[in-house]
Amino acid sequence: VAAIQVRLFIPSMGVFKGMLVKKRIETGAPIELPCSMQKVLQSAHPQRFDGSCILICRNKVHPSPGSANEYIGRKLDETRKSPPEKPFTEKIKKPLSPMILRLWETMGVPKDLCDRYKKESLLPARRNHAWVVGVPDPTGSLPPDTVFVPGIRNQGPYDLFVTRCPCYAHEHGRKFRSLTEKPPVMSTEDWEWLNNEFMFGVIIFSNPRPGMMSIPERIANGDLDGDLYLVCWDKEVVDSMTALPLVDQPSEDDGKLSTVPSNPNWFHEAQDVNFRKVQSKYSHLIGTLYRLAEKKADQSEKKLDDPDSRALYEAYNDALEYQKHGRPIRVPKHLIKELRKELHHLVQAI
């Protein structure tokens with residue numbers, strides 16, 4: 001096991017949420033809790049509980065024995081026994097989604113290649129992609145803006161495509177050069193440890209530069225709380241892609257929630273959001289916005305770069321986030337008319 005998803009409740013420290021990953025420990029605490037995992041501050045109660053509780057999500061253990069990723073890892077590693085073809089084929093019978101293929105077309109992959117790879121990747125011989133869990137660098141030695149996928153070291157130099165869902169914009173697809181040799185700043189011991197202790201099933205992201213966004217935040221607003229990332233190493237597909245540059249962006253949020261909300265009416269407003277969601281055609285709006293965005297992208301030569309498609313996908317994302325934050329669902333005025341009239345009151349014209 002390389003990583004497990006956990007929730008930690010420690011009154012003296014706070015509430016923590018995220019992935020625990022194997023770590024090379026020479027000194028210090030056996031469990032390291034970075035600030036990005038802290039979601040709620042410590043309890044201010046004068047008689048707070050001195051103990052702690054850890055909740056392990058059983059379905060979020062990576063890599064899972066007998067999973068598709070275990071079979072893919074065996075296929076990639078010549079030193080391991082090849083996976084049985086029939087069970088392997090059964091594990092990978094779900095094709096790539098139209099959302100992924102639409103992103104690939106936006107990035108320049110020809111449609112006929114997308115269609116061909118979608119079909120051929122249902123067989124073990126060309127299964128050159130996988131959904132893997134994102135984890136932080138346990139050595140702290142990976143160069144900034146790099147990723148490492150254990151288990152495909154022997155494939156030689158190659159480029160990787162990485163995204164997560166929902167992915168509805170050109171910049172949601174990223175390309176990285178593979179790390180097949182030890183980075184100069186990393187010790188030989190750390191490099192060998194990474195390659196020997198981690199099996200295929202995770203993607204390790206380097207630490208961000210101080211004050212800057214992490215890589216996951218720049219991949220469709222991802223995080224390391226158990227998000228799965230699609231990784232593709234198929235040379236024909238990835239070589240035909242053009243990805244936008246991965247530009248440093250200042251970090252705007254440390255991810256923490258205040259123990260005491262600054263808004264004294266937060267509870268009543270949260271109730272109001274949930275009431276409006278239940279009483280409205282909220283779920284129908286989500287599906288409608290998504291289908292309209294798909295339609296605009298498929299009708300345009302620009303695909304996901306089409307401005308109307310992009311605006312509708314942003315509204316779709318607003319609708320998904322509405323249940324968390326209650327923020328307005330914003331739709332350009334000229335596109336509201338394409339929604340059914342009973343949905344108009346749920347959106348805000350911009």
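The values are calculated or read from the model by the stated rules, or taken from the named source; none is laboratory data. Note that the coordinates shown come from a computational prediction; the quantities given were computed from them, not determined experimentally. In this analysis, Cβ positions are derived from the backbone assuming ideal geometry, glycine residues included, and neighbour counts consider all displayed protein chains. Please note that ligands, DNA and RNA were not included when accessible areas were found on the heavy atoms of the full protein model with its side chains. Shrake-Rupley method; radii C 1.70, N 1.55, O 1.52, S 1.80 Å.
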- Task: Straight distance only, please: which lysines reach the Cα of K175 with their own Cα at less than 17 Å, same-chain residues fewer than 8 apart left out?
- Result: K235
- Task: Estimate the FRET efficiency between K295 and I54 by the formula 1/(1 + (r/R0)^6), using the beta-carbon distance for r and 45 Å for R0, to the nearest 0.05.
- Result: 0.45
- For L228 and T146 in the same chain, what is the full-extension length gain: residue separation times 0.36 nm, less their Cα-Cα distance, in nm? 27.8 nm
- Kindly sort K235, K111, K23 by accessible area of their heavy atoms, largest first, with the probe set to 1.4 Å. K235, K111, K23
- Note on the structure: So the compactness index of region 144-193, its C-alpha Rg divided by 2.2 N^0.38 Å, takes the value 1.36
- For labels at M13 and K111 in the simple 7 Å Cα→Cβ model, what's the distance in nm? 5.3
- Mind giving me the FRET efficiency for R24 and E342? R0 is 41 Å, r the Cβ-Cβ distance, nearest 0.05 is fine. 0.10
- Message: How far apart, in nanometres, would the label points at K333 and L41 be if each is projected 7 angstrom from Cα along the Cα-to-Cβ direction?
- Response: 4.3
- Note on the structure: Extension length gain for T242 and E321 (0.36 nm per residue less Cα distance), in nm, is 25.5 nm
- Which semi-axes, in whole Å and largest first, does the equivalent ellipsoid of region 104-152 have when worked out from the alpha carbon gyration tensor as the square roots of 5 times its eigenvalues? 29, 15, 8
- Query: So what is the relative contact order for region 108-241, in percent, with contacts set as C-alpha pairs under 8 Å and at least six apart?
  - Reply: 42
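Mind scanning K295/K337; K86/K111; K23/K91 and naming the pairs with a C-alpha gap bigger than 26 Å?
Working: K295/K337 15 Å; K86/K111 29 Å; K23/K91 30 Å.
Beyond 26 Å between Cα atoms: K86/K111; K23/K91.
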- Residue-by-residue Karplus 3J(HN,Hα) for region 292-305, coefficients 6.51, -1.76, 1.60, Hz, glycine and proline x: 5, 5, 4, 4, 4, 5, 5, 8, 9, 5, 7, 6, 6, 7
- At most 13 other Cβ within 10 Å, DSSP loop - GluC sites (Glu not before Pro), region 108-208: E181
- Query: Which whole-Hz ³J(HN,Hα) couplings does region 107-124 yield from phi under the Karplus relation 6.51 cos²θ - 1.76 cosθ + 1.60, θ = phi - 60°, glycine and proline marked x?
  - Reply: 7, x, 6, x, 4, 5, 6, 4, 5, 5, 5, 4, 6, 6, 6, 7, 10, x
- Query: How high is the relative contact order of the chain, in percent, with contacts defined as C-alpha pairs under 8 Å that are six or more residues apart?
  - Reply: 18
- Message: Suppose the chain between S82 and A125 were pulled fully straight at 0.36 nm per residue; how much longer would it get relative to their current alpha carbon spacing?
- Response: 14.3 nm
- Evaluate Rg over Rh across region 85-181, taking Cα atoms for both radii and Kirkwood's formula for Rh. 0.97
- Note on the structure: Given all pairs of distinct Cα atoms, the chain yields a Kirkwood Rh in Å of 22.5
